[in-house]
Amino acid sequence: MNRREFVKGIGAVAGVAAIHGFSFANEGEKKMKCAVVYFSWSGNTRFAAETIAKKTGADLYEIKAETPYNSNYGKCCDEAKPECYGKTLRSIKPIEGLDLAKYDLVFVGSPNWWGTMAPPVRTWVTQSKEALKGKKVCLFQTHGGGGMQRVGKEFAETVGDAATVLSPKAFGGSSIKSSVKALEDFADERIAGK
């Protein structure tokens, strides 16, 4: 067999393996099953969530408020600010198809609103605590210049002892579309348990 035939053969084996979902993980190593659950008002957190899901092969789920926030920024602020300061839970719609029992690691995405999680994310985490038991969870958030502030701390407090909380990461909303590499690196590091 010459080199060209060997390379073609290896390519064919890899292609068949990919079609059938085979992972080339080390023997005895289980491929981590991931989910990305997020809320986004402006689209920045959605972009981050989609990028992480694509990098990790994770299933993607969107948290939606039962009553959506106003699409006008000023009116949305009037609505959301008191909820954030009061740590109010906002009613959310059930997330179709989400079964947390299937996942080892759950990435949770939220915008930073007044230094904390968006209320729909707080609601989802509060409602999902029992289902998160024994999982690894990791927050990523987008912000308009405020950085992490209290978001990571309050996320960990809300999760409590239900799950292992990995280090959170903040991404600037205005530069999110040029942060693909940083988002991918973040996902890789959290899958590695960092």
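A short reminder: the numbers here are calculations on the coordinates, not readings from a lab. Please read all numbers here as calculations on a predicted model, not as lab measurements. So basically every Cβ, Gly included, is an ideal-geometry build from the backbone, and we count neighbours across all protein chains shown.
Observations
- In the range 35-113 the Cα-Cα distances spread across 10 Å bins starting at 0 as 17, 46, 29, 8 percent of all pairs.
- Cross-link table Lys31/Lys54; Lys54/Lys81; Lys81/Lys153; Lys54/Lys181; Lys54/Lys102; Lys54/Lys169, entries beyond 21 Å C-alpha to C-alpha: Lys54/Lys81
- Under the combined filter of DSSP loop state and at most 15 neighbouring Cβ atoms within 10 Å, the range 34-72 retains these trypsin sites (Lys or Arg not before Pro): Lys64.
- Ordering 155-161, 68-74 by mean Cβ neighbour count within 10 Å, with the highest value first, yields 155-161, 68-74.
- Restriction of the GluC sites (Glu not before Pro) in the range 52-91 to DSSP coil positions whose beta-carbon has at most 13 other beta-carbons within 10 angstrom yields Glu66.
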